[in-house]
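What follows is a single structure, written as structure tokens, with notes after it.
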Amino acid sequence: MPHLVILYTKQLDAELDMGALCRHLADTMLTIKDGAGKAVFPIGGTRVLAYAAAHSAVADGSGDHAFCYLNLRMGRGRSESVKQQAGEVLAAATRNFLEPVLAQRPLGLTFQLDEGHEAFDAKIGNLHAVFAKR
């Protein structure tokens, strides 16, 4: 954790560089600090994944309407103010990146931040160790 998942209507692939948006949001996540100046999100745990919907129905079907849903899920333990700050920073980064698309077409855009309440949470792998050495 944290995982930022982007679900979007597939016509957006022709209108923006989704890989660049993923990198932009991951880089933005890594700049967010808490009140003590500590990184809110660990480098090795930061992931941004995007998936185009194979099928979709947006609004009333009267036009070529697009939609993009972003959900950041993170583990518990951060203060309410840190969660609010992270949400605001990432929502603004998303809006700024998508501004050219918003200026050209109807686009629904939703950004949500959820905090996990896991019944089970296994972290298996060695990615964190790569960045612990830095």
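The values are calculated or read from the model by the stated rules, or taken from the named source; none is laboratory data. Bear in mind the structure is a predicted one, so any value in this text is a computation, not a measurement. Note: ideal-geometry Cβ built from the backbone for every residue, glycine included; neighbour counts use all protein chains shown. These area figures cover heavy atoms from the full protein model, side chains too; ligands, DNA and RNA do not enter into them. Shrake-Rupley method; radii C 1.70, N 1.55, O 1.52, S 1.80 Å.
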List the residue pairs whose Cβ atoms are under 8 Å apart, where the first residue sits in region 12-35 and is within 18 Å of Ala54 (Cα to Cα), the second is part of a loop (DSSP other than H, G, I, E, B) and among the charged types (D, E, K, R), and the two are 6 or more positions apart or on different chains. Glu15/Arg105
Scan of region 27-41 for residues that are under 12 Å from the mean Cα position of the chain (by Cα) and surrounded by 17 or more Cβ atoms within 10 Å (Cβ to Cβ), ordered by number: Thr28, Met29
In region 1-26, what residues are open to solvent by 20 Å² or more (accessible area, probe 1.4 Å) and part of a loop (DSSP other than H, G, I, E, B)? Met1, Glu15, Leu16, Asp17
With the requirement that a residue be part of a loop (DSSP other than H, G, I, E, B) and either surrounded by 11 or more Cβ atoms within 10 Å (Cβ to Cβ) or under 12 Å from the mean Cα position of the chain (by Cα) (or both), what does region 73-109 give you? Gly75, Arg78, Ser79, Arg105, Pro106
Within region 42-62, is even one residue in a helix (DSSP H, G or I), open to solvent by less than 40 Å² (accessible area, probe 1.4 Å) and touching a residue at least 24 places away in the same chain (Cβ under 8 Å)? yes
For the structure I just gave you, tell me whether Arg47 is among the charged types (D, E, K, R) and out of contact with any Asp or Glu (no Cβ under 9 Å at 6 or more places or on another chain). yes
Counted residues, region 22-51 - those being basic (Lys, Arg) and touching a helix residue (DSSP H, G or I) at 6+ places or on another chain (Cβ under 8 Å): 1
